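Notes to accompany the following structure.
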């Protein structure tokens, strides 16, 4: 079964946070230095019921790894991250588990200046960011992931650089004869920074969905930023306009005064009830502060949905409204 076929059949469960299971630091490097630790975390999420694993590669591109002087190990880091997630997925005999190559936003912004005195200043160009993403994504595709998850998007122009890199890498692999890459999907997940319902660069949920529609993503979604209860109004907006599948993997609440997350598995499951009552999502999971215990609680919630539960179907909003908007 392909990832697209799985989305059409059932609500999928994404894994939870990787960072919440580790010490602070360059967690991506642990795929190289402590692979058994990363493999164990993947296994724990599979045991908790995850249908989809994300690779330990959120910051595995040269822009982020420059801070650690590890730019020369990008390909190695991504291939190792993909292999470990794939191993844990293949060890599961009870069900098919998919692997998404995890691609984070970096600390740079293409849409806004980092210098309040110079609005035109940029610390990185589109081409430079696209090249960094290409190096990462090309390695992930080469290792056989089922999809690329471009997540925690706070600047859609950054995401467009990643999307362009994905499309170029996929075409290059296909031209080289790697036919299985044809089924690799791209998924995108934005983060709402506050009660305005916008990304950090100021884009609304609807504008984000429209701006990435050209890439024909398998799924768009929301993650990070807020807890599950805070996601609901923005998830309604996204579900109403997305002509593809929709996902949500929130934090375990908002950070407390110590930087921790307080929402228990039961809290998150309770707050996610509207996601299903209103048929808003096709995939759920966890972000910052979530653990295999949160995943297990979500698994139980999905498994106890009524037998006649109808999964969300992609909306027709874009097909009817987008031509008029672009006219």
How many of the residues making up segment 5-26 are part of a helix (DSSP H, G or I), modelled with pLDDT of 95 or more and surrounded by 16 or more Cβ atoms within 10 Å (Cβ to Cβ)? 2
Within segment 45-59, track down each residue that is out of contact with any strand residue (DSSP E or B) (no Cβ under 8 Å at 6 or more places or on another chain) and within 20 Å of residue 189 (Cβ to Cβ). 59
Residue list for segment 167-200, filter: under 30 Å from residue 254 (Cβ atoms) and either touching a helix residue (DSSP H, G or I) at 6+ places or on another chain (Cβ under 7 Å) or exposed (fewer than 13 other Cβ atoms within 10 Å of the Cβ) (or both): 186, 188, 190, 192, 194, 195, 196, 197, 199
Residue 315 vs (1) at pLDDT 90 or above; (2) part of a loop (DSSP other than H, G, I, E, B); (3) closer than 21 Å to residue 4 by Cα: all pass except (1)
Filtering strands (runs of 3 or more DSSP E) wholly in segment 93-198 for at least 1 residues that are touching a residue at least 60 places away in the same chain (Cβ under 8 Å) and under 16 Å from residue 60 (Cα atoms) gives 98-103, 147-153
Kindly indicate whether residue 229 is more than 17 Å from residue 192 (Cα to Cα) and either at pLDDT below 95 or surrounded by fewer than 24 Cβ atoms within 10 Å (Cβ to Cβ) (or both). no
Within segment 278-312, can you find the residues that are exposed (fewer than 10 other Cβ atoms within 10 Å of the Cβ) and either part of a strand (DSSP E or B) or at pLDDT below 95 (or both)? 306, 307, 308, 310
Here is a list of conditions, (1) buried (at least 23 other Cβ atoms within 10 Å of the Cβ); (2) out of contact with any strand residue (DSSP E or B) (no Cβ under 9 Å at 6 or more places or on another chain), and residue 114 meets all of them except one; can you say which number that is? (1)
Answer yes or no: is there a residue in segment 63-71 that is in contact with a strand residue (DSSP E or B) (Cβ under 9 Å, 6 or more places away or on another chain) and assigned to a helix (DSSP H, G or I). no
Here are the criteria: (1) within 17 Å of residue 104 (Cα to Cα); (2) crowded, with 24+ Cβ neighbours inside 10 Å. Tell me which single one residue 42 does not satisfy. (1)
Could you say whether any residue in segment 258-270 is closer than 30 Å to residue 24 by Cα, modelled with pLDDT of 95 or more and assigned to a strand (DSSP E or B)? no
Among 246, 212, which is under 24 Å from residue 5 (Cα atoms), in contact (Cβ under 8 Å) with a residue 40 or more places away in the chain and not in a strand (DSSP E or B)? 212
Close pairs from segment 297-312: first in contact (Cβ under 8 Å) with a residue 60 or more places away in the chain, partner part of a helix (DSSP H, G or I) and surrounded by fewer than 17 Cβ atoms within 10 Å (Cβ to Cβ), Cβ under 9 Å, at least 6 apart: 311/8; 311/9
Could we say that residue 75 is in contact with a strand residue (DSSP E or B) (Cβ under 9 Å, 6 or more places away or on another chain) and either surrounded by fewer than 18 Cβ atoms within 10 Å (Cβ to Cβ) or under 20 Å from residue 12 (Cα atoms) (or both) here? no
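The values are calculated or read from the model by the stated rules, or taken from the named source; none is laboratory data. Owing to the predicted nature of the structure, the values given are computational and were not obtained by experimental measurement. A quick note on method: Cβ atoms are made from the backbone with ideal geometry, for glycine too, and the neighbour counts reach across all protein chains shown.
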